[in-house]
């Protein structure tokens with residue numbers, strides 16, 4: 001009975017979007033979907049239900065609410081490294097498409113807060129629209145770095161905007177919103193060195209927790225072993241657990257001593273964090289502690305990780321593809337590597353998208369070499385390699401909807417499904 005009541009309590013915390021919605025970065029379950037009817041293979045001429053040109057560049061992932069698809073992009077500046085233009089031309093956009101036809105339903109333009117970081121160095125890797133929107137089924141929330149947090153209803157009507165800070169970084173910004181009850185929670189490490197919660201109805205700041213260091217990761221809601229909720233964020237040097245109600249820091253654990261891009265995943269109250277380039281590149285820590293839990297709750301640490309893409313958990317194992325195109329399978333109890341295999345990408349192995357698990361398969365989108373489909377088992381097996389004949393850059397993680405995958409490049413949005 002206690003388990004049943006706890007399950008009901010957990011369900012009451014979830015967004016009001018329908019079960020099939022993919023309404024936030026990596027969907028409702030950390031990149032894992034129970035969808036079974038996805039295509040194994042596709043090409044420019046096979047299993048592409050529709051393809052739409054985007055009005056600007058971007059690296060954010062698409063999300064879905066009902067029959068609507070939302071994503072962000074930018075235009076007017078930073079489209080060409082040789083001739084980036086002038087910042088005064090930069091515009092940020094929230095786009096809405098019909099899931100069935102691909103028709104654009106509306107576009108909302110946001111004027112950025114200038115000056116922003118110049119389009120040089122690492123910024124051309126992803127540009128000015130890298131944060132994935134999030135929705136509670138009633139509104140769509142976007143985080144546009146120095147441009148702030150913006151809320152629109154599902155028909156595109158403006159609701160509110162709020163600043164999360166005005167600082168910039170040569171890497172740009174990339175974190176995505178997390179919706180929890182009446183809050184929109186933002187990792188504004190770049191803009192203000194803080195984790196900030198805004199009231200989702202008014203945009204007023206509800207709480208702020210300072211001291212976030214070099215973290216481009218998205219915060220994740222984790223259920224502890226006793227059924228309580230924590231927000232967990234992996235930052236430089238430390239994995240941190242917060243009380244989502246007031247932003248109070250509950251626990252810290254020695255983490256990855258480097259900048260962090262991947263988001264954590266969790267299973268049965270255990271948090272798995274990967275990232276960085278140094279001696280600790282992955283670790284497991286049991287949530288629910290208090291204070292410094294490094295010696296009491298950290299279960300393992302290893303030197304294997306991923307600098308950009310996030311992992312998935314499945315059947316006792318962690319799976320990820322490192323940013324250079326190396327696929328990992330790791331025992332989730334011990335951190336031991338089960339396999340480590342380089343994908344056959346040739347010289348174009350760069351991978352920024354996070355792996356998605358669906359239909360018993362791992363869908364791995366690479367930047368330039370198409371999508372690899374791997375068997376979701378602790379023996380490496382490539383099932384397919386799908387190329388769309390599109391030379392644009394695929395940085396975004398896929399979204400999964402019934403019978404379909406949504407893939408986004410910096411120029412196009414694709415709906416992949418069995419014809």
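So which residues in the stretch 147-167 are in contact with a helix residue (DSSP H, G or I) (Cβ under 6 Å, 6 or more places away or on another chain) and on the phi < 0 side of the Ramachandran plot? Quick ask: steps written out before the conclusion?
Pass one, the stretch 147-167, residues in contact with a helix residue (DSSP H, G or I) (Cβ under 6 Å, 6 or more places away or on another chain): 164-167.
Residues satisfying the conditions are 164, 166, 167.
Of all residues in the stretch 328-369, those being on the phi < 0 side of the Ramachandran plot, exposed (fewer than 15 other Cβ atoms within 10 Å of the Cβ) and in a loop (DSSP other than H, G, I, E, B) number 6.
Is it fair to say residue 224 is closer than 27 Å to residue 31 by Cα, modelled with pLDDT of 95 or more and crowded, with 23+ Cβ neighbours inside 10 Å? Break it down into steps so the answer makes sense when it comes.
Numbers: closer than 27 Å to residue 31 by Cα: yes; modelled with pLDDT of 95 or more: yes; crowded, with 23+ Cβ neighbours inside 10 Å: no.
Here the answer is no, as residue 224 does not meet what is asked.
Any chance the stretch 215-224 includes a residue that's part of a loop (DSSP other than H, G, I, E, B) and touching a helix residue (DSSP H, G or I) at 6+ places or on another chain (Cβ under 8 Å)?
Yes, because at least one residue in the stretch 215-224 is part of a loop (DSSP other than H, G, I, E, B) and touching a helix residue (DSSP H, G or I) at 6+ places or on another chain (Cβ under 8 Å).
Restricting attention to the stretch 226-269, the residues that are touching a residue at least 40 places away in the same chain (Cβ under 8 Å) and assigned to a strand (DSSP E or B) total 20. Under the condition of being surrounded by 20 or more Cβ atoms within 10 Å (Cβ to Cβ) and not in a strand (DSSP E or B), the residues counted in the stretch 184-214 number 5.
Listed by position, the strands (runs of 3 or more DSSP E) enclosed by the stretch 370-419 that each have at least 1 residues that are surrounded by fewer than 20 Cβ atoms within 10 Å (Cβ to Cβ), at pLDDT 95 or above and touching a strand residue (DSSP E or B) at 6+ places or on another chain (Cβ under 9 Å) are 371-375, 382-386, 412-417.
Out of all the residues in the stretch 252-277, which are surrounded by 24 or more Cβ atoms within 10 Å (Cβ to Cβ) and in contact with a helix residue (DSSP H, G or I) (Cβ under 8 Å, 6 or more places away or on another chain)? Scanning the stretch 252-277 gives a single hit, 253. Scanning the stretch 288-306 for residues that are within 21 Å of the chain's Cα centre (by Cα) and surrounded by 20 or more Cβ atoms within 10 Å (Cβ to Cβ), we see that the one that is farthest from residue 353 (Cα to Cα) is 305.
For the structure I just gave you, tell me whether residue 37 is within 25 Å of residue 217 (Cα to Cα), out of contact with any strand residue (DSSP E or B) (no Cβ under 8 Å at 6 or more places or on another chain) and part of a loop (DSSP other than H, G, I, E, B). I'd like the intermediate steps shown before the answer.
Details: within 25 Å of residue 217 (Cα to Cα): no; out of contact with any strand residue (DSSP E or B) (no Cβ under 8 Å at 6 or more places or on another chain): yes; part of a loop (DSSP other than H, G, I, E, B): yes.
No, not satisfied.
Condition check ((1) crowded, with 17+ Cβ neighbours inside 10 Å; (2) under 24 Å from residue 171 (Cα atoms)) across all residues:
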site: 22; (1), (2): yes, no
site: 32; (1), (2): yes, no
site: 43; (1), (2): no, no
site: 51; (1), (2): no, no
site: 57; (1), (2): yes, yes
site: 65; (1), (2): yes, no
site: 68; (1), (2): yes, no
site: 73; (1), (2): yes, yes
site: 83; (1), (2): no, yes
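On the stretch given as the stretch 342-369, residues that are within 23 Å of residue 275 (Cα to Cα) and out of contact with any strand residue (DSSP E or B) (no Cβ under 6 Å at 6 or more places or on another chain) total 12.
The values are calculated or read from the model by the stated rules, or taken from the named source; none is laboratory data. None of the values given here were measured: they were computed from a predicted structure. Heads up, the Cβs are rebuilt from the backbone with ideal geometry, glycines too, and the neighbour counts pull from every protein chain shown.
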